[in-house]
Every structure is written in C-alpha cells, then in structure tokens.
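Everything below concerns the one structure shown next.
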Amino acid sequence: MAFQPGQSGNPGGRPKASARVRDAAREHTEAALAVLVQIATAGESEAARVAAANAILDRGYGKPTQPVDGDGEGGAIPVGLTVQFIRPEPTDGG
C-alpha cells in the first residue's frame, strides 16, 4: 500500500501500551541501577562485572560513537552513482 504525500503510515501514533511499559520501567531505575552497581562491584564472574559496568556507563554517558569508514582502515566511504539511460530501439510498423 502506497501512502499519499502528507499521509502517515501510522496515523494512530505510538501505541499507549509502549508508553505504559516505559513509565513502569522508569519507576524501577534506581533499583535497577543499584543491582548493576552491586554486580559491577561484587559480581561472581568477570563477564557479569564488565557487562554491569558497561550498562552503568551507557546509561550515564550514552553509548560511545562508532566511527564509520569505507575500507576498514579509516579511509573515506566511496560515494558515487552511475545512471545509464537506455533508449529502446524503434520498432517497425509503429
């Protein structure tokens, strides 16, 4: 189904349920952060401590930016577009 100009593909907007879930999760932010701190400082596995520490830092400072390059070595991203127009050959008896 194609949408007309100015027509939304989601006229009802975001479902109300997702806002309720978000709000419920935010009510437990301090408790969840306390659990992450407990795991980061006294977790039984190094992997759990690292994961908890990363989660705390991500929430406090945001995820680090990821550089993007074209060749894996920091090179430029090649950008280009080639357009080829093909004219059909005239047919006899047109």
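Any read-out appearing in this document is the output of simple, stated calculations on the displayed coordinates, not a laboratory observation. A quick note: this is a predicted structure, and the numbers were derived from the prediction, not measured. Virtual Cβ from ideal backbone geometry, glycine too; neighbours counted across all protein chains shown.
Based on this model, can you work out whether residue 10 counts as without any contact (Cβ under 8 Å) to a residue 12 or more places away in the chain, part of a helix (DSSP H, G or I) and among the polar types (S, T, N, Q)?
So residue 10 does not fit the description; no.
Every residue, every condition in (1) surrounded by fewer than 10 Cβ atoms within 10 Å (Cβ to Cβ); (2) small (Gly, Ala, Ser); (3) in contact with a Phe, Trp or Tyr (Cβ under 7 Å, 6 or more places away or on another chain), yes or no:
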{"site": "6", "(1), (2), (3)": "yes, yes, no"}
{"site": "9", "(1), (2), (3)": "yes, yes, yes"}
{"site": "37", "(1), (2), (3)": "no, no, no"}
{"site": "41", "(1), (2), (3)": "no, no, no"}
{"site": "46", "(1), (2), (3)": "yes, no, no"}
{"site": "62", "(1), (2), (3)": "yes, yes, no"}
{"site": "68", "(1), (2), (3)": "yes, no, no"}
{"site": "85", "(1), (2), (3)": "yes, no, no"}
{"site": "89", "(1), (2), (3)": "yes, no, no"}
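For residue 19, are the conditions met, namely being out of contact with any Ser or Thr (no Cβ under 6 Å at 6 or more places or on another chain) and either surrounded by 10 or more Cβ atoms within 10 Å (Cβ to Cβ) or assigned to a loop (DSSP other than H, G, I, E, B) (or both)? For residue 19, the condition - out of contact with any Ser or Thr (no Cβ under 6 Å at 6 or more places or on another chain) and either surrounded by 10 or more Cβ atoms within 10 Å (Cβ to Cβ) or assigned to a loop (DSSP other than H, G, I, E, B) (or both) - is met. In the range 36-63, the residues that are assigned to a helix (DSSP H, G or I) form Cβ pairs under 6 Å with partners that are of a type in the set (D, E, K, R), at six or more places apart or across chains, as follows: 40/49.
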